[in-house]
Amino acid sequence: MSEAIEKTSKKRPILAVVSGVAALILGYLLLWPVPFDPLVGPPRDTNPAGTGVFLKNNRLAAAERLVSGEGPEAVAFDRRGRLYTGLANGDIVRMGAGDEKQVLANTGGRPLGLKFDAAGNLVIADAFKGLIAMAPDGTISTLATHHEGERMIFVDDLAIASDGKIYFSDATRRHEYGHDILEVFELRPTGRLMVYDPKTDTVAMLLDNLYFANGIALSVTEDFVLVNETHNHRIIRYWLSGSKAGSADVFAENLPAFLDNVTTASDGGFWVAGVAPRTDGLDALVARPFMRKVLWRFMEATGFSPVTLHSYAFKMSSNGEVLASLEDDSGHIYMMTSVIEHDGKLYLGSLINDAIGVIDAP
């Protein structure tokens, strides 16, 4: 009997330690502060990945790699057909033959969307510096940084109309570039579609309350402009002319990826980049803000990430119908942020890859 009592007494401290550790872990997962304030997000339809036009393939894995440096988010071509990109370190680079490249300027920020204007200036959506422009001699000038006295903290992409107006996205009013993963967990719609008029040097807001406003593209007739909602997996159309001018509707929705840039295709349709696939786990937590906090704490403690190296290029008609889906989950083309069609090729930008993918346009 005394031996049994002795064994029991030895177990008690161990059980107390185990219980204490379990209580600390549980307390951390349930109560530790998080750097975001989540809301219930919009309801999700069933993810269409792997069905219909989204039948899984690895067609993008055949892309060649044009080594550029880290983070060639977007690609633009000048009148002479020369390729430009912006890198994570702020460099604006012009690519030459093979792996030859020339650094033309540094924005001092993070260049994202790129487009050339009619005068040959490269207009840049810089996450930190705002809407800026690089002249042909490499001189950087600032176009727009504020709206109604408030600094825009995440200028993301742009499109330039024939009248010179620049339509651009201010992705969020909550979390700056580098902390934007918090947007996935917070699900507060603070993104905006903006327009800058160089003739009057003014900025106006066209749409508000977007779930991370990202890619921007104009229709070929410039009767509407598109803006991607990254964390709502859909594309919004804002009408610029006609009977619907000044109103917005859904151009495409329930896509199987987190959307990034959208660009005009050669046939008048559009190319849309999917930077990463939707996951059933995150979809299930849209209506559960408290559980998103728990998942964040778990990620912080373990290093776990729900992000998968699986990229998409969606070909869409001018009416929003998905015509084709090109994918790569091999890790060859990953974190793909843009698809630019030029002279029969697709040029594939990336947030963190060190190269631009190049593949024949289907």
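Screening 54, 36 for residues that are closer than 27 Å to residue 127 by Cα, in contact with a Phe, Trp or Tyr (Cβ under 9 Å, 6 or more places away or on another chain) and surrounded by 10 or more Cβ atoms within 10 Å (Cβ to Cβ) leaves exactly one candidate, 36.
The number of residues in the range 106-140 that are part of a loop (DSSP other than H, G, I, E, B), closer than 25 Å to residue 173 by Cα and of a type in the set (A, V, I, L, M, F, W, C) comes to 2.
Here's the yes/no breakdown for (1) of a type in the set (Lys, Arg); (2) surrounded by fewer than 16 Cβ atoms within 10 Å (Cβ to Cβ); (3) assigned to a strand (DSSP E or B):
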| site | (1), (2), (3) |
| --- | --- |
| 222 | no, yes, no |
| 228 | no, no, yes |
| 235 | no, no, yes |
| 238 | no, no, yes |
| 243 | no, yes, no |
| 254 | no, yes, no |
| 261 | no, no, yes |
| 271 | no, no, yes |
| 286 | no, no, no |
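Sort through 197, 180 and tell me the only one that's of a type in the set (D, E, K, R) and surrounded by 18 or more Cβ atoms within 10 Å (Cβ to Cβ).
Details: 197 fails: surrounded by 18 or more Cβ atoms within 10 Å (Cβ to Cβ).
Of 197, 180, the one residue that is of a type in the set (D, E, K, R) and surrounded by 18 or more Cβ atoms within 10 Å (Cβ to Cβ) is 180.
Test residue 188 against the criterion of being closer than 18 Å to residue 236 by Cα, modelled with pLDDT of 95 or more, assigned to a loop (DSSP other than H, G, I, E, B) and in contact with a Lys or Arg (Cβ under 8 Å, 6 or more places away or on another chain), and give yes or no. Spell out the reasoning first.
Details: closer than 18 Å to residue 236 by Cα: yes; modelled with pLDDT of 95 or more: yes; assigned to a loop (DSSP other than H, G, I, E, B): yes; in contact with a Lys or Arg (Cβ under 8 Å, 6 or more places away or on another chain): yes.
Judged against the criteria, residue 188 is a match.
Among the residues of the range 33-59, what is the count of those that are part of a loop (DSSP other than H, G, I, E, B), of a type in the set (Lys, Arg) and over 21 Å from the mean Cα position of the chain (by Cα)? Spell out how you get there, then give the answer.
We begin by selecting, within the range 33-59, every residue part of a loop (DSSP other than H, G, I, E, B); these are 33-51, 55-58.
Adding the requirement that they be of a type in the set (Lys, Arg) leaves 44, 56.
From the residues that got through so far, the ones that are over 21 Å from the mean Cα position of the chain (by Cα) too are 56.
Total satisfying the criteria: 1.
Condition check: basic (Lys, Arg) and touching a Lys or Arg at 6+ places or on another chain (Cβ under 8 Å). Does residue 173 satisfy that? Criteria met by residue 173.
Would you say residue 156 is part of a strand (DSSP E or B), among the acidic types (Asp, Glu) and at pLDDT 95 or above? Against the criterion (part of a strand (DSSP E or B), among the acidic types (Asp, Glu) and at pLDDT 95 or above), residue 156 qualifies.
Using the structure shown, decide if residue 203 is closer than 25 Å to residue 111 by Cβ, part of a strand (DSSP E or B) and more than 15 Å from the chain's Cα centre (by Cα). When the stated conditions are applied, residue 203 passes them. Search the range 71-105 for residues being out of contact with any Gly (no Cβ under 9 Å at 6 or more places or on another chain) and not in a strand (DSSP E or B), and hand back the single one that is farthest from residue 178 (Cα to Cα). Top of the filtered list is 80. Test residue 110 against the criterion of being buried (at least 22 other Cβ atoms within 10 Å of the Cβ), under 30 Å from residue 42 (Cβ atoms), in contact (Cβ under 8 Å) with a residue 12 or more places away in the chain and of a type in the set (D, E, K, R), and give yes or no. Yes; evaluated as a whole, the condition is true for this residue.
Mind checking which residues of the range 60-87 are surrounded by 14 or more Cβ atoms within 10 Å (Cβ to Cβ) and basic (Lys, Arg)? Once the filter is applied, which keeps residues that are surrounded by 14 or more Cβ atoms within 10 Å (Cβ to Cβ) and basic (Lys, Arg), the range 60-87 yields only 65.
Only one of 303, 344, 281 is in contact with a strand residue (DSSP E or B) (Cβ under 9 Å, 6 or more places away or on another chain), surrounded by fewer than 19 Cβ atoms within 10 Å (Cβ to Cβ) and without any contact (Cβ under 8 Å) to a residue 60 or more places away in the chain; which?
On the way: 303 fails: in contact with a strand residue (DSSP E or B) (Cβ under 9 Å, 6 or more places away or on another chain); 281 fails: in contact with a strand residue (DSSP E or B) (Cβ under 9 Å, 6 or more places away or on another chain).
Going through 303, 344, 281 in turn, the sole match is 344.
The values are calculated or read from the model by the stated rules, or taken from the named source; none is laboratory data. Quick caveat: nothing in here was measured; it's all calculated off a predicted structure. Don't worry about glycine lacking a Cβ; one is built from the backbone with ideal geometry, like all the others, and counts go over all protein chains shown.
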